[in-house]
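Heads up, the thing below is written out as structure tokens.
Since every read-out is calculated from the coordinates, none of them should be taken as a lab result. Predicted model only: the values in this text are computed from it and were never measured. Cβ sites come from the backbone with ideal geometry, for glycine too, and all protein chains shown count toward neighbours.
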Ligand code: MCA
């Protein structure tokens, strides 16, 4: 059997190739046939550069049909696809290039000249740029090539993508995701969420993360559902296109914004059958307000970059707010404490096993071994409990990761930079409540009295040069000394309690 994910997607949508697959409102509609040809052109582009199965490429481009064509072209060729947040700085990107040593880097146009030099210095064979318009030179060149209708033969463990997920140590880890990780998860989601060719998915998520790329795109393509493809979550565009849609996927911020939007009414959601939320905890307040306003119970699910989707509230059955439902078919979860499996309703670290679980972190054997148990469960690092019906409730994280509008932020990555700044003796990054993004980072700093005072603006300026905007602390607080426990560890929990309302 050929486990090539594109082959599996194609097999499931080829029955009606003339059907509209993707609509970009007020701009363009393409059929499944157009999509298949577009992906074959991108496969040809990769082949023409000499890339082959197992080679790696990185792209840092804007959400567009070309971005989808490039992703599907990589799948067709068996080229390993790594998308990056378009707002990552060169410092962040340099790390990713050094980590996976791609043969090809595709960047958005005019991101900056340094990137091409960085790629050359780091031995990247090819540096290309592609924009979002139909008149983009590289797109025109690619469309002039003969399409390559390839379905590279892949085994189930062959790698489809490497997606980076931040690490508690401050250095991101490349999660190695196989063709069958992705196909098994998409097949399971199609089944449990009842996706069919009659569905129309409103897609507003970025496609450089698992949620928008795999959970939304793969599941819709596998189901031959139509996709209304928006550049980003913009409330006006969402309200305009919701009436044409039947399913929406989003982070909790999307639902907070909708529920607080006056004009979000029955007209908007009249054809909607399902609202799905994930990537960050959905508050019970938002769940209740949304239900009151629309009579829809948002379906919350739980996943990670390393595992795709793990559990989901049921399509038919109780969607209990504050819980993330039941394991997907063929997936096992358990709560453990110091290696012991806990009984029902006892809080512990959640571990997961199944066809959805990645095979490890690229170039980090030890780190990979640390995160799997002897009997093959992946240790998620999330804290939760499982009740007697098997329903999972999450209650926190063993690390001090912050989730801001669905983006994961690891304090260590920011603290490492802060601790290099003259004038700062100690630093602690903590997550505090944010009414729109759920959580946001703030910096609690101790001055180095031996050095002249540094201003908050100067600190933010240094951070802006090194980090994507979404990681920048929303506030800076100076204190005399950080609270530490007997082990000398900063007691961030105390700081979170003390400053939890500072942004509200
Ligand atoms: C944008 N900004 C942010 C965020 N997003 N700051 C903090 N946190 C954020 N999440 C900043 C921008 O840098 C910009 O700064 C300013 O806010 C306005 O940018 P804009 O894009 O207009 O912001 P927005 O429209 O308010 O975006 C918020 C958002 C967006 C819509 C929630 O962050 C979003 O689409 N998040 C989805 C993330 C996602 O796909 N997560 C899935 C990960 P400036 O103005 O200074 O330039 S996958 C995952 O978690 C697992 C696998 C799972 O289970 O799904």
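Report, as a whole number in µm² per second, the diffusion coefficient that Stokes-Einstein gives for segment 1-87 at 25 °C and 0.890 mPa s using the Kirkwood radius over alpha carbon pairs.
180
Sort 301, 465 so the one with the fewest other Cβ atoms within 10 Å of its own Cβ comes first.
Listing 301, 465 from fewest to most nearby Cβ atoms yields 465, 301.
Compute the separation of the alpha-carbon centres of segment 181-201 and segment 446-504 and state it in Å as a whole number.
After rounding, the separation between the Cα centres reads 43 Å.
Note down the relative contact order for segment 115-178 as a percent, whole number, built from C-alpha pairs under 8 angstrom at least six residues apart. It would help to have the intermediate numbers written out before the result.
Numbers: 40 pairs, mean separation 12.1, N = 64.
It rounds to 19 percent for segment 115-178.
Computed over the Cα atoms of the chain, what is the convex hull's projected area averaged over all directions, in nm²?
Averaging across all directions leaves 24.3 nm² for the Cα convex hull.
Order by neighbour count: 434, 209, fewest other Cβ atoms within 10 Å first, most last.
Lowest count first: 434, 209.
Provide Rg over Rh for segment 52-122; use the alpha carbon set for both Rg and the Kirkwood Rh (inverse mean inverse pair distance).
Answer for segment 52-122: 0.95.
Could you work out the helix-only [θ] at 222 nm for the chain, with each DSSP H run of four or more residues adding -39,500 (n - 2.57) and the total divided by the number of residues, to the nearest 500 deg cm²/dmol?
Calculated at 222 nm, the ellipticity per residue is -8500 deg cm²/dmol.
Run the numbers on the chain and let me know its relative contact order in percent, using alpha-carbon pairs under 8 Å that are six or more apart.
Relative contact order for the chain comes out at 12 percent.
Can you give the direction-averaged projected area of the convex hull of the alpha-carbon atoms in segment 102-200, in nm²?
10.7
Please work out the FRET efficiency for the pair residue 120 and residue 468, using the Cβ-Cβ distance as r and a Förster radius of 22 Å; give the result to the nearest 0.05. Don't skip to the end; give the middle numbers.
Numbers: r = 23 Å, r/R0 = 1.06.
Step by step, r from the Cβ atoms, then E = 0.40.
Could you work out the equivalent-ellipsoid semi-axes for segment 33-164, taking the square root of 5 times each eigenvalue of the Cα gyration tensor, largest first, in whole Å?
Equivalent ellipsoid of segment 33-164: 22, 18, 12 Å, largest first.
How far is it, in nm, from the label point at residue 461 to the one at residue 370 when both lie 7 Å from their Cα along the line to the Cβ?
According to this spin-label approximation, the distance is 3.6 nm.
Assuming R0 = 25 Å, can you tell me the calculated FRET efficiency for the pair residue 395 and residue 291, based on Cβ-Cβ distance, to the nearest 0.05?
0.65
Percent of Cα-Cα pairs more than 18 Å apart in segment 304-433, please.
On the way: 5205 of 8385 pairs.
Percent of Cα pairs beyond 18 Å in segment 304-433: 62.
Take the Cα pairs of segment 215-366, get the Kirkwood Rh, then feed it into Stokes-Einstein at 37 °C and 0.692 mPa s and tell me D in µm²/s.
Roughly 190 µm²/s, to the nearest whole number.
How high is the relative contact order of segment 315-423? Use alpha-carbon pairs under 8 Å, at least six apart in sequence, and give a whole percent.
Details: 151 pairs, mean separation 26.5, N = 109.
Answer for segment 315-423 is 24 percent.
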